[in-house]
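In what follows, a structure is listed as structure tokens, so that the remarks can point back to it.
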Amino acid sequence: MLSEAFGDGVQLTLIDRDDAFVFGYSKLDVMFGRRSAGEVRLPYGALAKPGVRFLQQTITAIDPEARRVTTEEGEHEADVLVVALGADYDLAATPGLAEGGNEFYSVAGAERLGGLLPGFSRGHAIIGVCGAPFKCPPAPSEAALLLHDYLSARGVRADCRISFVLPLGSPVPPSPATSEALLAAFAERDIEFIPNLRVSALDPARDVAVLDDGSELAYDLFLGVPRHRAPDVVIESGMTESGYVPVNPRTLETAYPGVYALGDVATVGVPKAGVFAEGAARAVAAALIARARNEEPPAGYDGLGSCYIEFGGGRVGRVDVDFLSGPKPTGTFHSPSEALVAEKEQFGSSRRARWFG
Ligand SMILES: Cc1cc2nc3c(=O)[nH]c(=O)nc-3n(C[C@H](O)[C@H](O)[C@H](O)COP(=O)(O)OP(=O)(O)OC[C@H]3O[C@@H](n4cnc5c(N)ncnc54)[C@H](O)[C@@H]3O)c2cc1C
């Protein structure tokens, strides 16, 4: 948006330690062998916008007072700093997870599981969430439903048990209708749903998952959602409170003038999901454009977002959620259909074209 508004009249520096963007949901495609890790990468090298330069560097320090970031190659100072470093995975916070389990929340983890799943033909698979908040609350439900399809297609579903451990009371708390549809889908497919508990440890010697009420579940394959935390460099900058960066939810401003935080790294009052990161980024860009043009500030971030949910059987549902306008979040559910499969594809391809086109 800034490039479109000002072209070469603005100097935009995008810094990422990685050389490519990957949609969160592509990790499910990689895990279930629908696409390769290479196919889902969108290289930043393809990003050619007036005024924008991409630097593949690792940020080692952030000074929010000076609006300065340090990388292994030098220092960058800016008039405006937008911190969007996401959430890191803290495998060590769940003893045994690194040794005895697997995670499907990183591309590498999904790829590794993609290699293990063809060898899983009998026994107990647990999809286990190790702590909240975690990215994309429907994603582990999707993983459970797609695992059912995957095992059914291989003709081994009857020999396998699937359990799903979630530290929330329902799969999608802001939308009871979405949760009901997911619970019905679990029941139809004989997926055991264990709510209100998280996996606190794995005991790889006994292949047992320990839940936070002390109960134990034996497993043959563990597919985990690791605990999340803000990246160390953000914590060390002093910007975080209760784990993440507090912001004004309407403006995404932090306590530091000219410094914004958005996406998974910030506490906005919305879930950690790409669609909300995108909406927040648009709100920041609109405010910066208005300010540069001496126009009235725009209305601000609305906290609205639509999440597509893989229900299996070649169908996708959608939940439209509103997190900020009322006293509590609300959601409207759209039943799974083939039409929504095409809509989700259009969601992805429209972003690919706009950001990397
Ligand atoms: C399995 C799964 C399914 C999902 N499905 C959906 C979905 O259907 N819809 C949806 O909206 N969301 C979904 N998500 C969530 C979505 O992927 C994230 O919420 C979203 O990517 C957050 O965007 P972000 O920009 O805040 O962080 P990220 O996308 O994580 O980006 C942060 C960037 O910062 C970079 N970085 C971090 N530290 C440093 C450093 N020190 N130096 C330089 N660069 C650094 C990283 O390389 C990364 O590119 C899913 C996530 C998962 C794991």
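The values are calculated or read from the model by the stated rules, or taken from the named source; none is laboratory data. Fair warning: this is a prediction, and the values are worked out from it, not measured in the lab. FYI the Cβ positions are ideal-geometry reconstructions off the backbone, even for glycines, and counts take in every protein chain you see. Side chains are part of the model used for accessible areas, which takes the heavy atoms of the whole protein and leaves out ligands, DNA and RNA. Shrake-Rupley method; radii C 1.70, N 1.55, O 1.52, S 1.80 Å.
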Return the ratio Rg/(2.2 N^0.38 Å) for the range 161-267, where Rg is computed over Cα atoms only. 1.42
Hey, rough spin-label estimate for Asp213 and Ser152, points 7 angstrom out along Cα→Cβ, what's it come to in nanometres? 2.9 nm
Roughly how many Å² is the accessible area per residue of the range 7-107, as a whole number, for a 1.4 Å probe? 52 Å²
Overall form of the range 1-119 per C-alpha gyration tensor (a/c, 1.5; a/b vs b/c): oblate
Log10 I(q)/I(0) at q = 0.18, 0.19, 0.24 Å⁻¹ for the range 211-301, from Debye over equal alpha-carbon scatterers, is -0.84, -0.90, -1.19
Interchain or long-range residues, amide H under 5 Å from Val82's placed H: Tyr260
Theoretical gain in end-to-end length, Ala48 to Ser325 [0.36 nm per residue, Cα-Cα removed]: 96.1 nm
Compute, for the chain, the length of the dipole vector about the Cα centre, with Cβ point charges of +1 (Lys, Arg) and -1 (Asp, Glu) only. Units Debye, rounded to 20. 740 debye
What lysines does Lys328 reach when the alpha-carbon gap must be under 27 Å and sequence neighbours fewer than 8 apart in one chain are set aside? Lys135, Lys272, Lys344
Probe 1.4 Å, protein heavy atoms only - accessible area per residue of the range 125-250 in square angstrom: 38 Å²
Theoretical gain in end-to-end length, Ser121 to Ser242 [0.36 nm per residue, Cα-Cα removed]: 39.4 nm
Straight-line reach from Lys27: which aspartates and glutamates have a Cα under 13 Å away, not including same-chain ones fewer than 8 places off? Glu39, Glu103, Glu111, Glu142, Glu310
For the Glu39, Asn294 Cβ pair and Förster radius 56 Å, calculated FRET efficiency rounded to 0.05 is 0.80
Cα-centre dipole for the range 1-42 with unit charges at Cβ (Lys and Arg positive, Asp and Glu negative), debye to 20: 300 debye
Using a/c under 1.5 as the rounded threshold, could you call the range 306-357 rounded, prolate or oblate? The axes a ≥ b ≥ c are square roots of the C-alpha gyration tensor eigenvalues, and prolate needs a/b larger than b/c, oblate otherwise. oblate
How large a share of the accessible area of the chain, in percent, is made up of carbon and sulfur atoms when the probe is 1.4 Å and the other protein chains stay in place? 50 percent
Give me the 1.4 Å probe accessible area per residue for the range 257-357, excluding ligands and nucleic acids, in Å². 47 Å²
The simple spin-label model distance between Ala78 and Thr332, using points 7 Å out along Cα→Cβ, in nm, is 3.5 nm
Run the numbers on the range 207-280 and let me know its relative contact order in percent, using alpha-carbon pairs under 8 Å that are six or more apart. 17 percent
Any idea how far the Cα center of the range 208-242 sits from the one of the range 93-145, in Å? 12 Å
Cα centroid separation - the range 270-293 against the range 1-67, whole Å: 16 Å
By how many nm would the segment from Arg354 to Ala98 grow when fully extended, if each residue of separation counts as 0.36 nm and the alpha-carbon distance is taken off? 88.4 nm
Listed residues Leu116, Leu91, Leu211; largest mean-square fluctuation, Gaussian network over the chain with Cα springs below 10 Å, found at Leu116
